[in-house]
Amino acid sequence: MDAATIEAADRAARHWISPETGPLKPGSEAHKRAVCRMFHETFNPYKPSVIEWPKLDPETQDKVTSLPIWDIAVQTEGKARLRMAAYARTIADPDMRETIALNGWEENRHKEVLSHLVAAYGIPLEPEPEYREPRDPEWAYMVTGYSECIDSFFAFGLFELAKRSGFFPAELVETFEPVMQEECRHILLFANWVAWHRATMPWWKRVWFELRVAAVWVFLGWERIGIARGMDDGKAKKQDNNFTVSGSKSVSAEDIGVTELMRICLEENDRRFAGYDARLLRPATMPTLVRAALRFMPKRRRGVAQTA
């Protein structure tokens, strides 16, 4: 693709307004049509095989290579692809089924992007595990979706922090940027799927669904606490599944406090969602929790320098 085509595709992936009139009530046909159209019409047709990874100087390549994320990132995308494809096959509604299936296809493309990146920069990976079909597709899809909502919120901030600090050269930031924005689309879809799914089921199923949602959050919280304890005990593997929460020191030489990092995460989260129809629901749990926490956090005098 030429530069103009790439720019047009990138712009289309970030800005979308539904032609539907009036409010988009979760569970309504108008809401479902808008969600599915958003995901399909913001599709970015980039191909991992033709991405030109910029040449890095030895110091930058060492920093990128040393990030403790590559094994878990590749494996996470591999599991997400399988889980979304499995869940899509269980959905009766053809529009939503096709949309969730496309989400799974994009997760596989993310895995291809990461595989090409680690190959380009000589990043060693552990052998990948066997990816297995989930026994409970809905549970697996919910775990993946809510996990992405948590991780993407922090990843948006860390990516911006790495950009500001110069940890990632501008060429690498530009190359990887479409993947970051695609994660925004993914969790936008997931937030609206949750609302659609909740609104279209009978009340007696909804009770069980809400219990499952609560169980997912408990599971994800326990998973991250367990990883953090493993790190404290010196038992954690080199790969850090909590990197999106704890990785600010790895991507910036600046002494970034928790308050500054949380503000950057909020700003980036809002910026990435700003181009999509405001009537679509956004993932709300992490932004709400962080905004509440910031009310009690002291403000630091020194901020992070902005790039021009």
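The table below gives the values:
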quantity: Within region 51-65, considering residues that are free of Cβ contacts under 8 Å to residues at least 24 places away in the same chain and either surrounded by 15 or more Cβ atoms within 10 Å (Cβ to Cβ) or not acidic (D, E) (or both), the one farthest from E107 (Cα to Cα); calculated: P58
quantity: Options R291, R282; residue that is modelled with pLDDT of 50 or more, within 21 Å of the chain's Cα centre (by Cα), not in a helix (DSSP H, G or I) and not aliphatic (A, V, I, L, M); calculated: R282
quantity: Every pair of residues 6+ apart whose Cβ atoms lie under 7 Å, when the first sits in region 27-50 and is over 18 Å from R109 (Cβ atoms) while the second is surrounded by fewer than 16 Cβ atoms within 10 Å (Cβ to Cβ) and small (G, A, S); calculated: G27/A199
quantity: Filter pass, I100 being outside any helix (DSSP H, G or I), within 30 Å of M142 (Cβ to Cβ) and hydrophobic (A, V, I, L, M, F, W, C); calculated: no
quantity: Given (1) modelled with pLDDT of 90 or more; (2) under 22 Å from the mean Cα position of the chain (by Cα); (3) farther than 30 Å from P19 by Cα, index of the condition M38 fails; calculated: (3)
quantity: Scope region 77-102; condition free of Cβ contacts under 8 Å to residues at least 12 places away in the same chain and under 25 Å from M180 (Cβ atoms); matching residues; calculated: none
quantity: Selection from region 67-76 of residues that are without any contact (Cβ under 8 Å) to a residue 60 or more places away in the chain and more than 17 Å from W105 (Cβ to Cβ); calculated: A73, Q75
quantity: Subset of region 155-202 [over 22 Å from L261 (Cα atoms), surrounded by fewer than 19 Cβ atoms within 10 Å (Cβ to Cβ) and among the hydrophobic types (A, V, I, L, M, F, W, C)]; calculated: A195, A199, M201
quantity: Residue match in region 147-168 (condition: of a type in the set (S, T, Y), within 11 Å of the chain's Cα centre (by Cα) and closer than 30 Å to K63 by Cα); calculated: yes
quantity: Test result for P45, surrounded by 11 or more Cβ atoms within 10 Å (Cβ to Cβ) and touching a helix residue (DSSP H, G or I) at 6+ places or on another chain (Cβ under 7 Å); calculated: no
quantity: Single unsatisfied condition, E126 versus (1) within 17 Å of the chain's Cα centre (by Cα); (2) surrounded by fewer than 18 Cβ atoms within 10 Å (Cβ to Cβ); calculated: (1)
quantity: In region 82-103, residue farthest from the chain's Cα centre (by Cα) [restricted to those that are buried (at least 21 other Cβ atoms within 10 Å of the Cβ) and not hydrophobic (A, V, I, L, M, F, W, C)]; calculated: Y87
quantity: Total residues in region 9-49, condition within 24 Å of I91 (Cβ to Cβ), not in a loop (DSSP other than H, G, I, E, B) and not small (G, A, S); calculated: 12
quantity: Tabulated pairs, region 192-209, first within 18 Å of T285 (Cα to Cα), second acidic (D, E) and part of a loop (DSSP other than H, G, I, E, B), C-beta under 9 angstrom, 6+ apart or interchain; calculated: W196/D93
quantity: Residue match in region 261-271 (condition: at pLDDT below 95, more than 21 Å from A292 (Cβ to Cβ) and not small (G, A, S)); calculated: no
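The values are calculated or read from the model by the stated rules, or taken from the named source; none is laboratory data. All values derive from a computational prediction rather than experimental measurement. Positions of Cβ are generated from backbone atoms using ideal geometry, with glycine treated the same way; all protein chains shown enter the neighbour counts.
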